[in-house]
Amino acid sequence: MKKNTRTGIIALAFAGMAGLAYLAYTANRSPALPPGAPAGAAGKPGGAGGPPGGFAVAVEVATVKTSDFSDEVAAVGTLKSNESVMLRPETAGRVAAIHFKDGAVVSKGTVLIVLDAAIQEAELAQTQANLGLARSNHQRNQELVGKKFLSQQALESSGANLKVQEAAVQLATAKVAKTRLLAPFKGVVGLRNVSVGDYVKEGQDLINIEDISTLRVDFRLPETYLERLSKGQAVDLASDAMPGQHFSAALDAVDPLVDQGGRAISARARLDNAEGKLRPGMFVRVKLLFGDRKGVLMVPEQAIVPGAQPTVFRIVEGKAAMVKVKLGVRRAAQVEIVEGLSAGDVVVTAGQLKLREGVPVKAIGEGAPATPPQAGMGGMAAAK
C-alpha cells in the first residue's frame, strides 16, 4: 500500500514539472506572425503581437508655454518708524508733572514731563542777582573812568566779571530747561514708565515718541540685483496681520556696502501711513517691482533635472532627448527657461530617472499627443 502511494506521488510530481515546462515554453516563444508581416517582426519592440507601445517607458509630460507676468523679487522686512526716540532726562530729579496721555498725538515742542526745579530755579535767581550787581558795578566804573577817577585796568576787570555773571545766568537757565522734557517732533507717545512723584535718574527711560505718519522698511536682496535698483522704484508690501491688503511704497536708499558674508545688499523703502493702519515692528513681505515681462517660457519645476548644469528631457519623435537649459525666475511651481527650449516643446515632468538619451517613451499627461484609435477597435466599430 505504501509503495503504491509513493509511486502516485512521484507520478504527480513529474506531471507538474511537465506542465511548468510547457507554460514556460509558451510564454517565451515568439508570437505567430500575421499574414504579410515581415520575417523577424515577432518579438521586436513595437512589432505586431508585442505589448502595447513595445518597450516604451511611460512618462508624464507637459508643454512649454509662454506667460506674461510682472518682473519682481521678494524679500522680508520689519516696519520701523520714520523717527523714533526714547526721552531720557539729562538731570536727576523728582517728577513734578506729566502733561500727556498714553498713546496721544503730540506736536513738536510740547512739554511732556516736568521735573522738580526748585534748586535749579534758586540757582538761576542767584546768578541773575549777581549779574545785576556786576552790571551796575561795570556801569559805575565806566563813569569813573570817564572822570579820570578810576584806571582803565579796573574797568576791564569789571567788564570781565560782567561776562562771567552773564555766562552763569545762561548756565543756570539751561539747568532749569533740562527739567522740562519736550517732544522733539510731532508723533505718538507710547506708554509712560513713571508717575508723578517718582524720582528719576539721569538717562533713565521715561517715554518713547514715534513718528508713524511715514514708515520705513529695511530689507536685503542678493547682490545680483544691485544694478537693477534705483531710487523711487515701486515696492509692494503685505502683512500677515492684514490678509488680502497690499500697501504701496517706494525705494528710498541702498546701502553702499555689500555684506561679504551673505553677498547681499541692504535697501530701504518708505511708505505713507497717514491712516495709521500699519505700526512699527510689524513683519511684512516685500516685493520689488522691475516691470512687466511678455512671452516668458515657463515649465513645471518638476521637469528640471538638478545638477551642475540643469537639464530637461524633451520628447522628439517619441524618444527622450536630454537638453541643457538656463533657468530664470521661479514662480507658482513654474520656472523660467532662458535658453534651451522653445514654446510648444514637450518635456518630461515625471519618470526622468528611468530615461536615457534616445529611450522610446510613451507620453501621458497634459502635453501628451492625442492617441489615434487602434485599427482593431475601428474594425469592431465598423462591424457594428
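Quick note: the coordinates plus some simple rules give every number you see, no bench work behind them. From a predicted model like this one, the values you see are computed outputs, not experimental measurements. Note that each Cβ is placed from the backbone with ideal geometry, even for glycine, and that neighbours are counted across all protein chains shown.
For the reader, a short list of remarks on this structure follows.
- Neighbour cut-off at most 12 other Cβ (10 Å), DSSP loop, trypsin sites (Lys or Arg not before Pro), segment 98-143: Lys101, Lys108
- Centroid-to-centroid separation of segment 197-237 and segment 315-337 [C-alpha atoms, Å]: 42 Å
- Proximal lysines to Lys148, defined as alpha-carbon separation beneath 27 angstrom and excluding residues fewer than eight positions away on the same chain: Lys163
- All aspartates and glutamates inside 16 Å of Lys101 as judged from Cα atoms, apart from same-chain residues fewer than 8 positions distant: Glu210
- In a simple Cβ point-charge model (Lys, Arg +1; Asp, Glu -1; nothing else charged), segment 117-178 has a dipole of about 140 debye relative to its Cα centre.
- Listed by chain and number, the aspartates and glutamates whose alpha-carbon sits under 15 Å from that of Lys287, ignoring those within fewer than 8 places in the same chain, are Asp71, Glu72, Asp218, Asp236, Asp240, Asp252.
- Those GluC sites (Glu not before Pro) in segment 60-165 that DSSP places in a loop and that have at most 15 other beta carbons within 10 Å: Glu90
- Mean Cα-pair separation over length for segment 117-178, i.e. relative contact order, pairs under 8 Å, 6 or more apart, %: 53 percent
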